[in-house]
Amino acid sequence: MNGHTISFAENETALERSRLRVVLFTIGINVAFVSLLAFAPWSDWRTGLALNSLDNALLLAHTIRRRDRVMLHLLAFGLVVGFVELSADAWLVDWTKTLDYSLGGGLMIWRSPIWMPLAWEVVTVQFGYIGVRLFEKFGARGLLVTGLLGALNIPFYEEMALHIHWWRYSRCKMFLHTPYYIIIGEFFIAIALGFLARNVRAARWPRTLASAVIAGLIIFVGYAIPHLLIDHVRIFIHYRVTDE
């Protein structure tokens with residue numbers, strides 16, 4: 001009995017290491033890929049689709065090879081988040097008019113590039129898994145670190161997105177080419193992904209899918225509130241002062 005228990009624990013530890021390796025590998029590939037694409041004037045929506053297809057292939061290969069039910073649920077969790085997040089994109093494009101995807105062209109889902117749900121799936125797996133690992137080890141401090149990683153990570157990708165013709169922002173206050181409301185939103189979104197990804201550990205579909213819908217809605221709120229406070233309220237005050 002003890003031998004069986006030790007063997008099971010060792011297998012779980014090995015699986016956790018394998019999970020972490022593949023997640024970190026996708027992060028490394030993404031950083032290298034978008035950095036190189038900054039020098040490719042031909043980049044458009046196809047490169048976004050290619051990168052996120054590669055990420056998914058790596059994550060799926062791990063899932064199949066290791067028969068990893070937790071990773072399978074993480075992928076489903078991320079994909080549902082990606083589709084729910086489309087409402088946030090549509091709000092940013094049509095209501096705030098700060099987000100513009102026309103730069104990359106290509107096929108669209110609602111107001112987003114066709115590959116955007118896959119992109120959010122990968123981001124959700126990355127920050128969800130890293131966040132839950134940090135939370136399990138350090139508690140609330142681990143989630144805080146996850147949020148900081150999200151806030152620090154996003155300006156790099158937003159800057160690169162402009163250069164590689166994926167999207168751009170305008171009509172809002174920005175740090176270089178990244179809106180302040182996006183940076184603040186990513187801080188809270190990364191925390192939420194890490195916190196909600198705990199439910200994926202149980203590998204039960206109702207919990208996984210419900211958590212994914214909640215996470216997708218949090219993305220909407222995570223962008224909407226900072227935007228309203230930073231940009232919309234500022235514009236409203238400006239017009240009130242001008243009128244007076």
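Ordered from longest to shortest, the equivalent ellipsoid semi-axes for the stretch 2-243 are 33, 21, 15 Å, each the square root of 5 times a Cα gyration tensor eigenvalue.
Close amide H pairs (under 5 Å, H built 1.01 Å from N) link Trp167 with Leu162, residues at least 5 positions away or on another chain.
When the charge dipole of the chain is built from unit charges on Cβ atoms (+1 for Lys and Arg, -1 for Asp and Glu) and taken about the Cα centre, the candidate among Gly104, Leu37, Leu54 whose Cα reaches farthest toward its positive end is Leu54.
Quick one: pull the percentage of alpha-carbon pairs in the stretch 81-132 with a separation above 13 Å. If you can, show how the numbers build up before the last one.
Working: 785 of 1326 pairs.
Everything past 13 Å amounts to 59 percent.
The charge dipole of the chain, taken about its Cα centre with unit charges on the Cβ atoms of Lys, Arg (+1), Asp and Glu (-1) only, comes to about 700 debye. Label-to-label distance, Val31 versus Glu136, with points set 7 angstrom from Cα along the beta-carbon direction: 2.3 nm. Summing charges over all other residues whose Cβ lies under 11 Å from the Cβ of Arg198, with Lys and Arg as +1 and Asp and Glu as -1, gives +2. Taking 8 Å as the Cα distance limit and 6 or more residues as the minimum spacing, I'd like the relative contact order of the stretch 104-244 as a percentage. Once normalised by length, the contact order is 24 percent.
Each of Leu72, Tyr180, Ala212 was placed along the dipole of the stretch 2-243 (beta-carbon charges, centred on the mean Cα), and the one lying farthest toward the positive end is Leu72.
Taking only the alpha carbons of the stretch 79-172, we obtain Rg and Dmax values of 14.9, 43 Å in that order.
No value in this document is a laboratory result; all are computed from the given coordinates. Keep in mind that what you see is a predicted model, and the values were worked out from it rather than measured. So basically every Cβ, Gly included, is an ideal-geometry build from the backbone, and we count neighbours across all protein chains shown.
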